[in-house]
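The values are calculated or read from the model by the stated rules, or taken from the named source; none is laboratory data. Being a predicted model, the structure only gives us computed values, none of them experimental. All Cβ positions, glycine included, derive from the backbone under ideal geometry; neighbour counts span all protein chains shown. Each accessible area value is taken on the protein alone, full model and side chains, heavy atoms only, with ligands, DNA and RNA left out. Shrake-Rupley method; radii C 1.70, N 1.55, O 1.52, S 1.80 Å.
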Amino acid sequence: MSAPESPRTASPATAGAVAELRSVTKWYGPVIGVNDLDLTIGPGITGLLGPNGAGKTTLIKLLAGLLHPSLGKVTVSGRSAASSAAKEHIGYCPDVDAFYEEMSGRRFVRTMARLHGMSKSEAKERAEIALAEVGMTDRADRRLRGYSKGMRQRIKLAQALVHDPAMLIVDEPLNGVDPVGRRELMELFRGFRDRGKAVLVSSHILHEMDALAERVIFMGRGRILASGTLAEIREMLDEHPLHVRLRSSQARELAAQLIRWEDVKGIELRDEEEFSLEVRRPDAFFQRLGDFVVAESIDVSALETTDASAEAVFDYIMSSAARA
Amino acid sequence: MPAELAGYREWSGKTRSPWRASWSIVRTGVLMILRRWVFWLLIGLGLLNFLLNFALIYLKATLTIQNEAVGQFLDAYKVTGTGEAYADFMEGQATITALLLAFAGANLVGSDYRQGGMIYYLSRRIERRHYIVGKLMSVGAVVTMIATLPTIALFIEYGVLSSSLDYFFENGRILVGILGYGLVLAVVQSLLLFAIASWVHRAVPLVMCWLGVFVLLRLLADTARAISDDRRWLLLGIWENMDRVGSWCFGAGNPDKTPSVGLCLTVLVGLCIICLIVIVRRVRAIEVVT
């Protein structure tokens, strides 16, 4: 009855795409969860953003092999996401806060390692490494029922990391974690990325996604509304020019020059030393502005975008999607 | 803590068959029961029954030599070393097991649905069939631990304390009976518990449903039989069906009694198939409910 034991295939994280969705649709009876998704996730940190009901959890469960697509194909490391071989490469940290409360954190992580097909000694060793990685070594012998929300998040992460997956999928990992804990978890994700792995983080805490994710996926109504780096997505939003605040001792002269540029849609003077601009094609604008201030020796003391954050982009995309 | 300080190194070990991972589910399930003192009340009851029988067999073997009247007195407690005696003991232990499972079912199976914990299992390197088999085996392990293993221990004790080891050779059928009855109890109770707990997740409703299946169906069977004067109505009594099939494994019971052992077995097999269908559907349905 038992399948032959197999050597673990090498991590494919460095070989480009870790996970792919091709024309994936998922229905729950008459309700559509995700609709005709095409997506490739590679190494690095990818943020998954969207309002409730957007299809984020369905997408995550499809990738984790917990759901079968109604149409299309989900592959992880080239294998069907629902297969055992694909699950070797996925570490899933759900938002569900359910454990066997009588278990200790250490026992829980070890059990999850055993479920992954590790021998007793391997499971023990890997559990200790994963616990150390999430900073829970000293507290892992306590029963889960006595853990705080932040400690539970860490234990959930440890169980996801225990088999050294190529891709870590985390659903709302920063919920209920204090600021220090959040910083540590974000460092953990970055460390995972630095080892050439992929991290998919679903979160509602948008300003932290700014700092964390290199690439974001905006979802709404079961579809991917936009994906790419925040800057790329921001540049695609033609109807929402980028707002830039600029501070200079020569504000009036500079504003008079900039208003003639075709990428500058409008300028508003705030005071003698500060004005704000509405800019199309931000990349081209910033390149030209840099060259210009250097060539003209103009003193610029501050330059910042005011609506290029994930939150602002999210709002623009959602309002566009609502009108569509 | 940074990965480097944690002594991180990539894992390149071998993963074993997912079927072996099912044993983790069994171990987790059994330990979950053993960790709760409330379940130890029922386990202790089973242990008490076992120790009583163990002591009676010992007393019979040692005191009968000195005084035959003691042996006749102990025979009243059915310490006879026959298949019927072991079947009676197993039925008693099975009752305790059924009570234990009624209370433990919510933890063993129901909590996976109620709290969404099943996704921890299914996101690992196992598939739904491994999860189902693991859970069924964990219930089966509890039944075996309380009903079958103690009976085997009594059988061995009786044989060892007999005047010769011929007891083992002459009563091979008893060992088959113990294993057969144990298998019937483990298979039927594990499938039935999993099927019920996958629908009724909380402890109190689960206890009511579980006991209802055994007690109310029996009452219904007796009533229907009394009204129609047809003994086949007794087939509704699942507990009695298990007992008849179990006793048949020992070679005990009246073969001419209606309903026949074959019919009882057919009902149990049918019940198991229905339970299995329910379980598979419910485990698949986890896609929608979480």
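So here's what we get for this one:
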quantity	calculated
First in the stretch A:26-40 and within 13 Å of another protein chain (Cβ to nearest Cβ), second anywhere and aromatic (Phe, Trp, Tyr) and assigned to a strand (DSSP E or B), Cβ under 8 Å, 6 or more apart	A:Gly33/A:Trp27
Scope the stretch A:195-229; condition on the phi > 0 side of the Ramachandran plot and in contact with a strand residue (DSSP E or B) (Cβ under 7 Å, 6 or more places away or on another chain); matching residues	A:Gly222, A:Gly228
Output for the stretch A:41-81, where each listed residue is farther than 26 Å from A:Ile317 by Cα and touching a residue at least 60 places away in the same chain (Cβ under 8 Å)	A:Ala64, A:Val76, A:Ser77, A:Gly78, A:Ala81
Lone unmet requirement of (1) touching a Pro at 6+ places or on another chain (Cβ under 8 Å); (2) part of a loop (DSSP other than H, G, I, E, B); (3) more than 14 Å from chain A (Cβ to nearest Cβ) for B:Val79	(1)
Any hit, the stretch A:269-284, residues being out of contact with any helix residue (DSSP H, G or I) (no Cβ under 7 Å at 6 or more places or on another chain), assigned to a helix (DSSP H, G or I) and either modelled with pLDDT of 90 or more or not acidic (Asp, Glu) (or both)	yes
Residue satisfying all of: in the stretch A:136-177; at pLDDT 90 or above and polar (S, T, N, Q); surrounded by the most Cβ atoms within 10 Å (Cβ to Cβ) among these	A:Gln159
Residue count, the stretch A:144-194 (criterion: at positive phi and either among the small types (Gly, Ala, Ser) or not assigned by TED's automatic domain parsing to the domain that holds A:Phe108 (or both))	1
Every residue from the stretch A:97-143 that is of a type in the set (Val, Ile, Thr) and touching a residue at least 40 places away in the same chain (Cβ under 8 Å)	A:Val109, A:Val134
Residues satisfying the stated conditions in the stretch A:211-226, i.e. out of contact with any Leu (no Cβ under 7 Å at 6 or more places or on another chain), under 23 Å from A:Arg280 (Cβ atoms) and open to solvent by less than 60 Å² (accessible area, probe 1.4 Å)	A:Ala226
In the stretch A:82-96, the residues that are in contact (Cβ under 8 Å) with a residue 40 or more places away in the chain and charged (D, E, K, R)	A:Glu88, A:Asp95
Members of the stretch A:244-292 that are aliphatic (A, V, I, L, M), touching a strand residue (DSSP E or B) at 6+ places or on another chain (Cβ under 9 Å) and touching a residue at least 12 places away in the same chain (Cβ under 8 Å)	A:Val244, A:Leu246, A:Ala251, A:Leu254, A:Ala255, A:Leu258, A:Val264, A:Ile267, A:Leu269, A:Leu277, A:Val279, A:Leu289
Qualifying residue in the stretch B:109-120 (condition: closer than 25 Å to B:Gly172 by Cβ, β-branched (Val, Ile, Thr) and either without any contact (Cβ under 8 Å) to a residue 24 or more places away in the chain or in contact with a helix residue (DSSP H, G or I) (Cβ under 7 Å, 6 or more places away or on another chain) (or both))	no
Hits in the stretch A:126-148 - residues which are assigned to a helix (DSSP H, G or I) and either within 19 Å of B:Met32 (Cβ to Cβ) or under 25 Å from the mean Cα position of the chain (by Cα) (or both)	A:Ala127, A:Ile129, A:Ala130, A:Leu131, A:Ala132, A:Glu133, A:Leu144, A:Arg145, A:Gly146
Among the residues listed as B:Val245, B:Val143, the single one being closer than 20 Å to B:Ile43 by Cα, assigned to a helix (DSSP H, G or I), in contact with a Leu (Cβ under 9 Å, 6 or more places away or on another chain) and not small (Gly, Ala, Ser)	B:Val143
Tally of residues being open to solvent by less than 50 Å² (accessible area, probe 1.4 Å) and assigned to a loop (DSSP other than H, G, I, E, B) across the stretch A:230-257	3
Residues that are within 7 Å of another protein chain (Cβ to nearest Cβ), open to solvent by less than 40 Å² (accessible area, probe 1.4 Å) and within 20 Å of A:His89 (Cα to Cα), drawn from the stretch A:102-118	A:Thr111, A:Met112, A:Leu115, A:His116, A:Gly117, A:Met118
Residues of the stretch B:223-261 satisfying the condition of being in contact with a Pro (Cβ under 9 Å, 6 or more places away or on another chain), open to solvent by 60 Å² or more (accessible area, probe 1.4 Å) and over 26 Å from B:Cys209 (Cβ atoms)	B:Arg231, B:Trp248
Residue count, the stretch A:57-90 (criterion: open to solvent by 10 Å² or more (accessible area, probe 1.4 Å), within 17 Å of the chain's Cα centre (by Cα) and more than 8 Å from chain B (Cβ to nearest Cβ))	2
Residue match in the stretch A:188-198 (condition: assigned to a loop (DSSP other than H, G, I, E, B), open to solvent by less than 10 Å² (accessible area, probe 1.4 Å), within 13 Å of chain B (Cβ to nearest Cβ) and basic (Lys, Arg))	yes
Boolean, B:Phe39 is touching a residue at least 40 places away in the same chain (Cβ under 8 Å), part of a helix (DSSP H, G or I) and within 24 Å of B:Pro205 (Cα to Cα)	yes
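Residues checked against (1) touching a residue at least 40 places away in the same chain (Cβ under 8 Å); (2) closer than 17 Å to B:Tyr120 by Cα:
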position: A:Tyr147; (1), (2): yes, no
position: A:Lys156; (1), (2): yes, yes
position: A:Leu188; (1), (2): yes, no
position: A:Phe192; (1), (2): no, no
position: A:Val201; (1), (2): yes, no
position: A:Ala213; (1), (2): yes, no
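Every residue, every condition in (1) open to solvent by less than 10 Å² (accessible area, probe 1.4 Å); (2) touching a strand residue (DSSP E or B) at 6+ places or on another chain (Cβ under 9 Å), yes or no:
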{"position": "B:Leu45", "(1), (2)": "no, no"}
{"position": "B:Phe50", "(1), (2)": "no, no"}
{"position": "B:Leu56", "(1), (2)": "no, no"}
{"position": "B:Ala61", "(1), (2)": "no, no"}
{"position": "B:Leu74", "(1), (2)": "yes, no"}
{"position": "B:Ala94", "(1), (2)": "yes, no"}
{"position": "B:Ala106", "(1), (2)": "yes, no"}
{"position": "B:Tyr120", "(1), (2)": "yes, yes"}
{"position": "B:Arg125", "(1), (2)": "no, yes"}
